[in-house]
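Inspection log for the structure reproduced underneath, given as structure tokens.
The values are calculated or read from the model by the stated rules, or taken from the named source; none is laboratory data. Treat the numbers as computed from the prediction; the structure is a model and nothing was measured. All Cβ positions, glycine included, derive from the backbone under ideal geometry; neighbour counts span all protein chains shown.
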Amino acid sequence: MFYGAVVWDPWLIVAQIVCLQCLYYLTLGVFLAILVGTRVSRMSLVYFFDFAAVTASTVTGWCVIASFILSSLAGAGFLVYLVERAKKCLDFSATLYIIHIFICIIYGGWPSSITWWVVNVTGFAVMALLGEYLCIKRELHEIPITRYRSTCRLS
């Protein structure tokens, strides 16, 4: 598809949002299992959606923070393959984090921890900016043009 021929496809956009959200939470789950799962006796959704788990006062809290930041780094990579356009990275990153905030509000109430807000705003910025950078790098790659020799001979 040529980038100039923009077609409004809401089903594609919804599919991209759902895929990005699922990949983000899958990656977050893997990082939480690796970093936090070794420190706690039982993993739960608290570490995903409760603002109280994101704290800088315990080692487990720092592991949760690291998991969120690492997931935003991975999210930037997901943007390159799912969205493919630098100018759409900010929109998709914002959508992901807005949905995350809504899920957190439903799960545990309004996030009143300043640490939670700093971690999520930082994760959003990292995901959006790194995603844009990686998409720009990919968009600016030269298109390889191979020269084919003609196998036909003119008589």
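One table, with the values for the structure above:
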item: Extreme residue, nearest to the chain's Cα centre (by Cα), among residues of the stretch 81-102 that are β-branched (Val, Ile, Thr) and modelled with pLDDT of 95 or more; result: Thr95
item: Every residue from the stretch 109-125 that is within 15 Å of Phe49 (Cβ to Cβ), under 22 Å from the mean Cα position of the chain (by Cα) and of a type outside the set (S, T, N, Q); result: Pro111, Trp116, Trp117, Val119, Gly123
item: Long-range neighbours under 8 Å by Cβ, at least six apart or interchain, first residue closer than 14 Å to Leu140 by Cα within the stretch 81-94, second at pLDDT below 95 and not in a helix (DSSP H, G or I); result: Arg85/Tyr3
item: Unmet requirement for Ile105, which otherwise passes all of (1) at pLDDT 95 or above; (2) not in a helix (DSSP H, G or I); result: (2)
item: Given (1) in contact with a Cys (Cβ under 6 Å, 6 or more places away or on another chain); (2) farther than 29 Å from Leu140 by Cβ, index of the condition Ala56 fails; result: (1)
item: Top-ranked residue of the stretch 30-61 - restricted to ones that are in a helix (DSSP H, G or I) and hydroxyl-bearing (Ser, Thr, Tyr), ranked as farthest from Ile106 (Cα to Cα); result: Thr60
item: Among (1) touching a helix residue (DSSP H, G or I) at 6+ places or on another chain (Cβ under 6 Å); (2) at pLDDT 95 or above; (3) under 28 Å from His141 (Cβ atoms), the one test that Ser67 misses; result: (3)
item: Any hit, the stretch 37-45, residues being within 21 Å of Thr122 (Cβ to Cβ) and either in contact with a His (Cβ under 9 Å, 6 or more places away or on another chain) or hydrophobic (A, V, I, L, M, F, W, C) (or both); result: no
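One line per residue, one yes/no per condition, for (1) among the aliphatic types (A, V, I, L, M); (2) more than 27 Å from Arg138 (Cβ to Cβ):
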position	(1), (2)
Ala15	yes, no
Ser44	no, yes
Ser72	no, no
Leu79	yes, no
